[in-house]
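Working notes, beginning with the structure itself.
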Amino acid sequence: MEIIARVYTDFPEKFGIPRQSGLVDALEARVVFEPAYRSPEALRGLEGFSHIWLIWQFSQSVREKWSPTVRPPRLGGNVRVGVFASRAPYRPNPIGLSSVRLEGIEMRGEQGPVLLVSGVDMVDGTPVYDIKPYLRADAHPDAREGFSGPVRAHALRVEFPPELLARIPEALRAGLLEALRQDPRPSYQEDPSRLYGVPFAGQDVRFTVEGDVLTVREIGAVPGPQIQEG
């Protein structure tokens, strides 16, 4: 399959990203097409849809071998379920599927048409294989959620000192706060003294969790190169 585009987000690493699309509406991203696919004609009519499907690659989770079972972090990391009963990134084909809101389509010079989307759950630079419009028929309000239903409701109270929060661009704060509230940790990690770090928008947001309270302790610059838009 051909990579047709890449998604650019504020998360350079997997840790901290919402576990599925649509959980944090305030997290925005850009879908920038590869040069061969920067045709406005290919997007004719897409502006009439409020949501789209992104079919993408788990580019940071590619492995030569696969396992028929996985251990979802939300089940404590000790319970195995079938890989096809999960959304784990370690799959025979490392393909992800996300439903995101289409906020707009902008023409940006040499980049051509760029999709502005929200509710993303992807790392910066994620390759995209295909884009499809989301239809109402795709929604099933009475669907059963298996083992994921009870654990999806888990949320934390976030304490973010104002002097630290001020170091995050104002337009990005709501998305970061909601991503932290979703509890980025694997559920089997319960050490209140452990200092975690979520790279976000060029900053390393370090925090601890005790009980149901997440407290941001410090913020530092994220080391290493960032992915550049092509």
(message) Restricting to Cα pairs below 8 Å that are 6+ residues apart, what does the relative contact order work out to for the chain? Please round to a whole percent.
(response) 28
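Length gain on complete extension for the stretch Leu46 to Ala85, per 0.36 nm per residue less the alpha carbon to alpha carbon distance?
Full extension from Leu46 to Ala85 adds 10.9 nm.
When the chain is fully extended, how far beyond the present Cα-Cα distance does Leu97 get from Asp130, taking 0.36 nm per residue of separation? Walk me through the intermediate numbers first.
Numbers: separation 33, 0.36 × 33 = 11.88 nm, distance 0.98 nm.
Taking 0.36 nm per residue and subtracting the Cα distance, the gain is 10.9 nm.
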(message) In whole percent, and with a 1.4 Å probe on the protein chains, what portion of the accessible area of the chain is carbon and sulfur?
(response) 50
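Reported to two decimal places, what Rg/Rh ratio describes region 70-131 when computed on Cα atoms with Rh from the Kirkwood expression? Don't jump to the answer; show the numbers that get you there.
Values: Rg = 16.0 Å, Rh = 14.4 Å.
In region 70-131, Rg relative to Rh is 1.11.
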(request) Can you bin the chain into rounded, prolate or oblate? Criterion: square roots of the alpha carbon gyration tensor eigenvalues sorted a ≥ b ≥ c, rounded for a/c under 1.5, prolate for a/b above b/c, oblate for the rest. (result) oblate
(request) Pop the C-beta distance of Lys65 and Asp191 into the FRET formula with R0 = 30 Å and round what comes out to the nearest 0.05. (result) 0.45
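With every protein chain kept in place and ligands, DNA and RNA left out, what is the accessible area per residue of region 65-132? Probe 1.4 Å, answer in Å². All intermediate terms of the calculation are to be shown ahead of the outcome.
Values: 3450 Å² over 68 residues.
Heavy-atom accessible area per residue stands at 51 Å².
So what is the 222 nm mean residue ellipticity for the chain from helices alone, if each DSSP H run of at least 4 adds -39500 (n - 2.57) and you divide by all residues, rounding to the nearest 500 deg cm²/dmol? Numbers along the way, then the final one.
Numbers: 3 runs with 21 residues, N = 230.
Counting only the DSSP helices, I get -2500 deg cm²/dmol.
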(request) Just grab the label-to-label distance for Phe147 and Glu170, each label 7 Å out from Cα along the Cβ direction, in nm (one decimal). (result) 4.5
(request) Rank Arg167, Arg91, Arg101 by mean-square fluctuation in a GNM of the chain with C-alpha springs under 10 angstrom and give only the top-ranked residue. (result) Arg167
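The values are calculated or read from the model by the stated rules, or taken from the named source; none is laboratory data. Bear in mind that the values here come from a model prediction, so they are computed numbers and not experimental data. FYI the Cβ positions are ideal-geometry reconstructions off the backbone, even for glycines, and counts take in every protein chain you see. Only protein heavy atoms, including side chains, enter the accessible area calculation; ligands, DNA and RNA are left aside. Shrake-Rupley method; radii C 1.70, N 1.55, O 1.52, S 1.80 Å.
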